[in-house]
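S.K.: The following block contains the structure, expressed as structure tokens.
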Amino acid sequence: MTATHRTDPLETPDHDAVVLAGGEAKRLGGADKPGLTVGGRSLLDRVLAACRGAGETVVVGGRRPTARPVVWTRESPPGGGPLAALDAGVRGLRAESETVLVLSADLPFLGEPTVRRLLAALAAGGHEAVLLTDAEGRDQPLVAAYRTEPLRRELALLATEYGTLAGLPLRLLPQELDIARVAAEPEASFDCDTWADLAAARARIREHGNVLDEWIIAVKDELGIELDVDTHLLLDLARDAAHGVARPAAPLTTFLVGYAAATAAPGQGPEAVADAARRAAALALRWEAETGPAGPEGSGPGRTDIG
């Protein structure tokens, strides 16, 4: 039984995550694919950011530094393929969540909205799994949400039937599961299998409409910041400070806004940033209003433009 969902959930049910970060990367000449970077962040870290809402995350593959803490495990035998790796990941879960998110570590544009849609579609129906489908309508069993017990059951049945999971094709997994499907947003299912794919991903994040958001995400990831703020508000503040005061005032003002928000009452988060930004922007406008000669036709001595 199959179904198709196109929902955008507001809530994310409790879940764990398994990320597959192994494989031989033959089309990349055996390169360490999860460690390759797009926008200064490894492919693995980009996927880990997409599933940061998981209670526990198990990564199947060789240990490496990551931006988020994870549990590491390996399939047996090493290089046994995705089903063996998935089995190792599920076995590595210490928690007993009813839902497990399964992702491959080569999805540079997978985001939290896609993850939330998968999880919400699973929670909303009586299905055993919800798979993402790519632009061509192909199922993506490694971009999916599963109910944990049916997933364990199918892995055990396959191991019993074939004697081992090593080397088995991934398509065997969903055949006996009651699945639903969620259509992918543009590029959410894009994976980096070749050097051309990697070059395309790196070029995309530098496009005009993407570069700023990608940079902010990368900086927050590098600094360990998970605070979501209104970047347009901060950009407007920087513009007002640059035009109304002086160009160097823009970065210094936004820094001071961040510092003020960090020292505000605990728990205010984005609200503290927004409040500090609004106050600083109002100050910049008052400052600019004082330009020109003082008196009835003006209120100040003129703008100073440093640099």
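S.K.: Do we have any residue at all in the stretch 79-94 that's assigned to a helix (DSSP H, G or I), touching a residue at least 40 places away in the same chain (Cβ under 8 Å) and under 15 Å from ASP191 (Cβ atoms)?
M.R.: yes
S.K.: Have a look at ALA246, ALA280 and point out the one that is outside any loop (DSSP other than H, G, I, E, B) and either modelled with pLDDT of 80 or more or over 30 Å from PRO69 (Cβ atoms) (or both). Step through it out loud before you land on a result.
M.R.: Numbers: ALA246 fails: outside any loop (DSSP other than H, G, I, E, B).
The unique qualifying residue is ALA280.
S.K.: When you look at LEU165, is it more than 15 Å from the chain's Cα centre (by Cα), outside any loop (DSSP other than H, G, I, E, B), touching a residue at least 40 places away in the same chain (Cβ under 8 Å) and within 23 Å of VAL60 (Cα to Cα), yes or no?
M.R.: Here the answer is no, as LEU165 does not meet what is asked.
S.K.: For the stretch 60-80, state whether one or more residues are acidic (Asp, Glu), modelled with pLDDT of 85 or more, touching a Leu at 6+ places or on another chain (Cβ under 9 Å) and open to solvent by less than 20 Å² (accessible area, probe 1.4 Å).
M.R.: yes
S.K.: Just to be sure before I move on: is ASP193 touching an Asp or Glu at 6+ places or on another chain (Cβ under 8 Å), over 30 Å from GLY23 (Cα atoms) and at pLDDT 85 or above in the structure I sent? Explain how you work it out, then say what you get.
M.R.: Values: touching an Asp or Glu at 6+ places or on another chain (Cβ under 8 Å): yes; over 30 Å from GLY23 (Cα atoms): no; at pLDDT 85 or above: yes.
The answer is no for ASP193.
S.K.: Any chance you could count how many residues in the stretch 208-264 are out of contact with any helix residue (DSSP H, G or I) (no Cβ under 9 Å at 6 or more places or on another chain), in contact (Cβ under 8 Å) with a residue 40 or more places away in the chain and open to solvent by 40 Å² or more (accessible area, probe 1.4 Å)?
M.R.: Going through the stretch 208-264 one residue at a time, the tally reaches 3.
S.K.: Just checking, does the stretch 88-99 include any residue being within 18 Å of the chain's Cα centre (by Cα), open to solvent by less than 50 Å² (accessible area, probe 1.4 Å) and within 26 Å of ALA156 (Cα to Cα)?
M.R.: no
The values are calculated or read from the model by the stated rules, or taken from the named source; none is laboratory data. Everything numeric here is computed off the predicted structure, so don't read it as measured data. Neighbour counts run over all protein chains shown; Cβ positions are idealised from the backbone, glycine included. Only protein heavy atoms, including side chains, enter the accessible area calculation; ligands, DNA and RNA are left aside. Shrake-Rupley method; radii C 1.70, N 1.55, O 1.52, S 1.80 Å.
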